Amino acid sequence: MSSLVATLRCVVMRDLTLAMRRRADVLATLFFFVIVVSLFPLGVGPEMATLRIIGPGVVWVAALLASMLALERMFAADYGDGTLEQMLITPQPLAVLVLGKALAHWLVSGLPLVLMAPLLGIQYGLPAQGLWILMLSLLLGTPVLSLVGAIGAALTLGVRGGGVLVSLLVLPLTIPVLIFGAGAVDASLSGLGAQAHLSLLGAFLLGALILAPWATSAALRISME
Amino acid sequence: MSSTKINWFKYSSPQAFYPLAGKMIPWFVVATVLFTVPGLYFSFFVAPPDYQQGEAYRIMFIHVPAAWMSMFIYMVMAAYAGMGLVFNSRLSSMMASALAPTGAMFTFLALWTGALWGKPMWGAWWVWDARLTSELILLFLYIGFISLQAAIDEPRRAARASAILALVGVVNIPIIYFSVKWWNTLHQGASITVNKAPTMAASMFTAMLLMTFAFWMYTIVVALLRVRCEILERERHTDWVMSNEFAGRSPETRNELG
């Protein structure tokens, strides 16, 4: 057990160190998120009443797109220099290594979005209560995006046109997260309470934590054959 | 081992299945015609006009069977893909990829006829209701499956990778369905349920059942035709394909084709 935790820690620390050496990539995802969210008022119009209604949905869709953008990088570098092959033949279970990589991916590309979201919510005129729920729903939802996205990233490894393909594969699978993520904020603002939505997001997270690393390692083995 | 025992695995080899599929196709063509002709007759002449919707409801005899088949084919496709992954049988993965385009076609047909039906009934081509939306997402899943298979050149890897995608999709379909259902409900309730008597006229039900079987038989015909092409394409370097298909051709043509 402790060796598994040590393995997980090792993979996470390694990926974080690598990400910190290439900070531009991390910032690019974050700025993509900010730019997409800022584009909507320019397209829809600056009426605060409209923006307040579409705000949670826009932030969530932008988070979805931003996390797709970063998915390609999850395994690509390790695949390119042969590290992934070494990971496949280590005695540690591959699912744990994959979980570590997904966790690091979330820390680099998901967590910044969660922290940035309230600022964007203010631009859309969301009240304080809505901002908290938005942050909470992103905190529960974005790890699911990283975990499910890992399956897509593993399947499209080394495939031509992989970047677009991975979005095509993963986006339909993440629709429930989008529905309940954006729905949580709406429910809270309309006085229904966000607890049901947040509980479901939590359930998705637990389900993805158990099933996704397993499916991802199967996909990696197929891609590396 | 008794001599009467049938070897069920014989036809899991592409070489043995290829001629069998060829023999089965005419029979299923006949079955398709036998179901389609009375099915259309019942749909247009026997089934009474609806007391609310008049004649416009008759598109249901295409729409509902197409929607059923779109979901059914995804399940069958995923089952074949899963078998291909577990037992490593080439024929199963070929069947999965042969079914995918037909499934996508039925999904599209269900959406298209749904739009045509929705315009006179609800006054809109498209409404974001639960069933329409989940059917649309099903179309996306089919497109993902087909494009992943198309993007990978090596057939074995393509089959195994898309099998994983199909299985992930199967786990996700109920979640997607219930999320979308909760998200919005406007559609009329299900007209046919397993544990309740149908709330429609018997002749309507017959027409719908006949059309469903017609679509089912059509799917089998098309899948078999497609799987035969797939078998030839993937096994083109083997001796049996060479001797069967290119018999009587000059060696130059064989080299070109092989």
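The values are calculated or read from the model by the stated rules, or taken from the named source; none is laboratory data. This one's a predicted model, so the numbers in the text were calculated from it and none came from an experiment. Don't worry about glycine lacking a Cβ; one is built from the backbone with ideal geometry, like all the others, and counts go over all protein chains shown. Ligands, DNA and RNA are excluded from the accessible area calculation, which covers all protein heavy atoms including side chains. Shrake-Rupley method; radii C 1.70, N 1.55, O 1.52, S 1.80 Å.
Things worth noting here:
- Taking all protein chains as they are arranged and a probe of 1.4 Å, the heavy atoms of A:H105 leave approximately 20 Å² accessible to solvent.
- When the residues B:D153, A:D186 are ordered by accessible surface, computed with a 1.4 Å probe over the protein chains alone, the sequence from largest down reads B:D153, A:D186.
- Think of it as helices only: each DSSP H run of n ≥ 4 in the protein assembly as shown is worth -39500 (n - 2.57), and spread over all residues that comes to -27000 deg cm²/dmol at 222 nm.
- Leading residue at positive end of dipole, the range B:53-160 (Cβ point charges), from B:A124, B:M83, B:Y57: B:M83
- A Förster radius of 41 Å combined with the Cβ-Cβ distance from B:E154 to B:A201 puts the calculated FRET efficiency at roughly 0.15.
- In the calculated pair-distance distribution of the protein assembly as shown, the portion above 43 angstrom amounts to 27 percent of the Cα-Cα pairs.
- Per-residue shielding of A:170-179, expressed as the average number of other chain Cβ atoms within 10 Å of the residue Cβ, stands at 6.
- Surface accessible to a 1.4 Å probe, A:E85 within the full protein complex, Å²: 110
- Number of partner chain Cβ atoms within 10 Å, mean per residue of B:158-165: 6
- Alpha carbon centroid spacing (whole Å) that separates the range B:33-91 from the range A:55-90: 39
- Taking amide H atoms as placed 1.01 Å from N in the peptide plane, the amide H of B:D50 lies under 5 Å from those of B:Y57, each 5 or more residues away in sequence or on another chain.
- Here the average projected area of the convex hull drawn through the C-alpha atoms of the range B:1-150 stands at 12.7 nm².
- B:D239-A:I53 FRET efficiency (beta carbon distance; Förster radius 45 Å; 0.05 resolution): 0.10
- Evaluated with a Cβ-only charge set (Lys, Arg +1; Asp, Glu -1), the range A:1-100 carries a dipole of roughly 280 debye about its Cα centre, given to the nearest 20.
- When nucleic acids and ligands are ignored and a 1.4 Å probe is applied, A:Y79 ends up with an accessible area of around 80 Å².
- Remark: the Cα gyration tensor places the range B:56-121 in the prolate category, a/c being 1.5 or greater and a/b exceeding b/c.
- Check: the protein assembly as shown dipole with +1 on Lys, Arg Cβ and -1 on Asp, Glu Cβ, in debye: 560
- Residue by residue along A:212-224, Cβ atoms of other protein chains within 10 Å of the local Cβ number 3 on average.
- Highest average packing first - B:214-227, A:198-211, Cβ atoms within 10 Å: B:214-227, A:198-211
- With a Förster radius of 30 Å applied to the beta-carbon distance between A:A6 and A:A28, the computed FRET efficiency rounds to 0.40.
- Convex hull volume of chain A per residue (C-alpha atoms, cubic angstrom): 118
- Normalised by 2.2 N^0.38 Å, where N is the number of residues, the C-alpha radius of gyration of the range A:33-121 stands at 1.48.
- Solvent exposure ordering (accessible area, 1.4 Å, most first) of B:K119, A:K101, B:K23, B:K10: B:K23, B:K10, B:K119, A:K101
- What separates the Cα centres of the range A:1-54 and the range A:124-163 is a distance of 9 Å.
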